[in-house]
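K.L.:
Structure in structure tokens, see below.
The values are calculated or read from the model by the stated rules, or taken from the named source; none is laboratory data. Remember, predicted model here, so these are calculated numbers, not experimental data. Neighbour counts run over all protein chains shown; Cβ positions are idealised from the backbone, glycine included. For accessibility, only protein heavy atoms count, side chains too; no ligands or nucleic acids. Shrake-Rupley method; radii C 1.70, N 1.55, O 1.52, S 1.80 Å.
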Amino acid sequence: MSNEEEILAKLRDAIVNLDIDAVQKAAKEAIEARIPAYKAVINGMAKGMVSVWQKYESGEYFLAELIMAGETMKEGMAILEPHLKTGDIKSAGKVVIGTVRGDLHDIGKNVVVTLLKAANFDVVDLGVDVSPEQFVEAVKKHKPDIVAMSALLTTTMIEMESVIKGLKEAGLRDKVKVIIGGAPITQEYAEKIGADAAAVDAVEGVRICSEWMKGEK
Ligand code: B1M
């Protein structure tokens, strides 16, 4: 195993073992070894979350462990986030982002926020359980280039359509690009509800947003 693979494995294991000290130590090691911070997040900690889920499914972990895994990931993010910055001063564009109404999952959304900031986007994070009205108000107030929505539940993904409807009713739909993401989201669903794009992961989401700002799509 190379040094890089070893450190990524330590990050994954730290999440699986819900070990905040270990995740902080491994995140610092990743920085010292000059592993790109986005890789440490996506190929390290986020992969650990998948194993956590498998343990939950097999009955080894319960809801408390899922929550603790999320907290462990946040501690690792706190160390890696400053190293995701590219150092450019000019903002790439403004994004209003949130997890839709009824949905409290924010780990994936937070990864997207971190990577957007790293790509020099000005990010307005509305948090979780964000109603269509709150999205519309935020667009009026912050005048973003892009609205990004996250949903992890099949029961809440329908809220994305309500947000787009709200933007249309407020005469704002043509003023922003809309991107959606989260485990149940597909390109087909994006087309069905009138979003401009769907992203399978945070890296793709940020790539699409960057392309939009460069006028490439
Ligand atoms: Co929940 N949960 N959960 N959960 N949870 C899922 C989503 C589930 C798939 C597990 C399952 O049953 N198979 C399931 C949904 C089933 C469905 O709807 N079909 C589920 C359920 C049922 C529930 C509850 C209802 C459980 C209950 O209470 N009985 C409940 C609902 C609460 C609510 O929201 N109202 C619930 C609660 C929770 C916890 C609080 C315990 C915890 C969330 C903690 C937190 O977020 N702070 C939790 C967790 C951790 C999960 C799983 C295990 C992991 C999610 C995660 O963080 N993944 C999840 C199982 C799974 O997804 N396989 C599950 C890691 C993260 C990095 O990935 O979020 O997919 P992800 O984000 C990715 C991409 O999707 C994408 O980029 C990210 C990074 O690459 N992406 C975007 C996401 N948003 C984007 C936006 C973009 C672009 C890309 O815009 C540009």
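K.L.:
Scan (1) within 13 Å of the chain's Cα centre (by Cα); (2) within 12 Å of the ligand (Cβ to nearest atom); (3) at pLDDT below 95 for the single condition Val128 breaks and write down its number.
P.N.:
Answer for Val128: the failing condition is (3).
K.L.:
Have a look at Ala26, Ala30 and point out the one that is more than 21 Å from Ala202 (Cα to Cα) and buried (at least 20 other Cβ atoms within 10 Å of the Cβ).
P.N.:
Ala26
K.L.:
Within segment 77-115, track down each residue that is modelled with pLDDT under 85 and either open to solvent by less than 70 Å² (accessible area, probe 1.4 Å) or within 11 Å of the ligand (Cβ to nearest atom) (or both). Give the derivation first.
P.N.:
The first filter runs over segment 77-115 and keeps only residues modelled with pLDDT under 85, leaving 84-92, 111, 114-115.
Hits for segment 77-115 are Leu84, Gly87, Ser91, Ala92, Val111, Thr114, Leu115.
K.L.:
Continuing with the same structure: Any idea which residue in segment 162-187 is farthest from Val123 (Cα to Cα), counting only those that are among the charged types (D, E, K, R) and more than 16 Å from the ligand (Cβ to nearest atom)?
P.N.:
Going through segment 162-187, the residues among the charged types (D, E, K, R) turn out to be 165, 168-169, 173-175, 177.
After this cut, where a residue has to be more than 16 Å from the ligand (Cβ to nearest atom) as well, the list is 165, 168-169, 173-175.
Values: Lys165: 22, Lys168: 22, Glu169: 24, Arg173: 19, Asp174: 20, Lys175: 17 Å.
This residue is Glu169.
K.L.:
If you check every pair at least six apart or on different chains, which have Cβ atoms under 8 Å apart with a residue in segment 64-76 that is more than 10 Å from Asp19 (Cα to Cα) and open to solvent by less than 10 Å² (accessible area, probe 1.4 Å) first and a residue that is near the ligand (Cβ under 8 Å from one of its atoms) and not in a helix (DSSP H, G or I) second?
P.N.:
Gly70/Asp106
K.L.:
What number of residues in segment 119-174 are in contact with a Ser or Thr (Cβ under 7 Å, 6 or more places away or on another chain) and assigned to a strand (DSSP E or B)?
P.N.:
Selection size over segment 119-174: 4.
K.L.:
Then there is this: Provide a single number: the residues in segment 188-217 that are over 17 Å from Phe121 (Cβ atoms) and under 12 Å from the mean Cα position of the chain (by Cα). Step through it out loud before you land on a result.
P.N.:
To start, the set of residues in segment 188-217 that are over 17 Å from Phe121 (Cβ atoms) comprises 188-195, 198, 200.
If we keep only those that are under 12 Å from the mean Cα position of the chain (by Cα) as well, we get 200.
Residues meeting the conditions: 1.
K.L.:
For Gly205, indicate whether it is within 7 Å of the ligand (Cβ to nearest atom) and assigned to a helix (DSSP H, G or I).
P.N.:
Answer is yes for this residue.
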